[in-house]
Amino acid sequence: MGLPDAISACLFDLDGVLTATAVLHRKAWKRTFDEFLKHREGANFHPFTDQDYYDYVDGRPRADGVRTFLTSRSITLPEGSPDDPPGAETVNGVGNSKNRLLLKVIDEEGPSPYPGSVRYISAAYDAGLKIAVVTSSANGKAVLDSADLSRYVHVRIDGLVIREQGLRGKPAPDSYLAAARALNVHPDQAAVFEDALSGVESGRAGEFGYVVGVNRGDQADALREHGADVVVNDLAELLER
């Protein structure tokens, strides 16, 4: 599997590692933030960029992403509550606007699993490795079901579980540590697979046995700098090692 011999569990991020839904997330975030900024600052607003996505949003729970990006623009909003309507000028309202757009895009385009990732997770499952999916998205089950990947997954820690258990979002290691506990493995027996810098940081912070950086955004050097033990462009590359 291209992993150290001591590894007995694989902890996969979802968006950008197993499925191409990270692109859909980025589209939904850009439209949400651009509409918010234009309404707040007028036609001369500075748009949300791909670099903003990677620096402030990618891999984080929805509310954390809103809060972190707006802080970078010196904007502070009240937290609101999780059931705030889309469009409300609260952290949760902005996040819910993004989620409404995302669900619409997923419904129209569907989540596409990466073929190399399907090969890898299938091989890991057949090899008897324990498998968890760890995602900040509250839509993890729907995406896994639609992409026909749920059959390989023993444990799912998603945005709903993160909220229910009061876990800190990435780059804190809490969600990955929760997955390891649920699989009954020690962190040094588990490999983390991440495309987001914040996710790679969480794998390193949790002292996991191996951290695989998946280079979907031309940031191989940054993935290594943030703690990846190895960087690949596609998970299938690991099968050739």
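The values are calculated or read from the model by the stated rules, or taken from the named source; none is laboratory data. Keep in mind it's a predicted model, so treat the numbers as computed, not measured. Note: ideal-geometry Cβ built from the backbone for every residue, glycine included; neighbour counts use all protein chains shown. Remember, those area values only see protein heavy atoms, side chains included, never the ligands or the DNA or RNA. Shrake-Rupley method; radii C 1.70, N 1.55, O 1.52, S 1.80 Å.
For region 182-211, a tally of residues being without any contact (Cβ under 8 Å) to a residue 60 or more places away in the chain and of a type in the set (A, V, I, L, M, F, W, C) returns 4.
Residues checked against (1) open to solvent by 20 Å² or more (accessible area, probe 1.4 Å); (2) at positive phi; (3) modelled with pLDDT under 95:
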| site | (1), (2), (3) |
| --- | --- |
| LEU103 | yes, no, yes |
| ASP107 | yes, no, yes |
| PRO111 | no, no, yes |
| SER117 | no, no, no |
| LYS130 | yes, no, no |
| ALA138 | yes, no, yes |
| VAL143 | no, no, yes |
| SER146 | yes, no, yes |
| HIS154 | yes, no, no |
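Among the residues making up region 25-53, those that are among the aromatic types (Phe, Trp, Tyr) and closer than 17 Å to THR90 by Cβ are TRP29, PHE33, PHE36. The residues listed here are THR19, THR49, THR32, THR90; of these, the one that is open to solvent by less than 40 Å² (accessible area, probe 1.4 Å), of a type in the set (Val, Ile, Thr) and either under 14 Å from the mean Cα position of the chain (by Cα) or more than 26 Å from ARG163 (Cβ to Cβ) (or both) is THR19. Within region 94-116, residues that are assigned to a loop (DSSP other than H, G, I, E, B) sit with their Cβ atoms under 6 Å from residues that are among the aliphatic types (A, V, I, L, M) and surrounded by 22 or more Cβ atoms within 10 Å (Cβ to Cβ), at 6+ positions apart or across chains, in these pairs: PRO111/VAL143.
Residue by residue, here is whether (1) at pLDDT 95 or above; (2) of a type in the set (S, T, N, Q); (3) assigned by the TED database to the domain that holds PRO171 holds:
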| site | (1), (2), (3) |
| --- | --- |
| ASN44 | no, yes, no |
| ASP55 | no, no, no |
| PRO61 | no, no, no |
| ASP64 | no, no, no |
| PHE69 | yes, no, no |
| PRO78 | yes, no, no |
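If a residue has to be open to solvent by 70 Å² or more (accessible area, probe 1.4 Å) and assigned to a loop (DSSP other than H, G, I, E, B) to count, how many in region 65-87 make the cut?
7
Within region 156-181, being assigned to a loop (DSSP other than H, G, I, E, B), open to solvent by 60 Å² or more (accessible area, probe 1.4 Å) and touching a residue at least 60 places away in the same chain (Cβ under 8 Å) holds for no residue.
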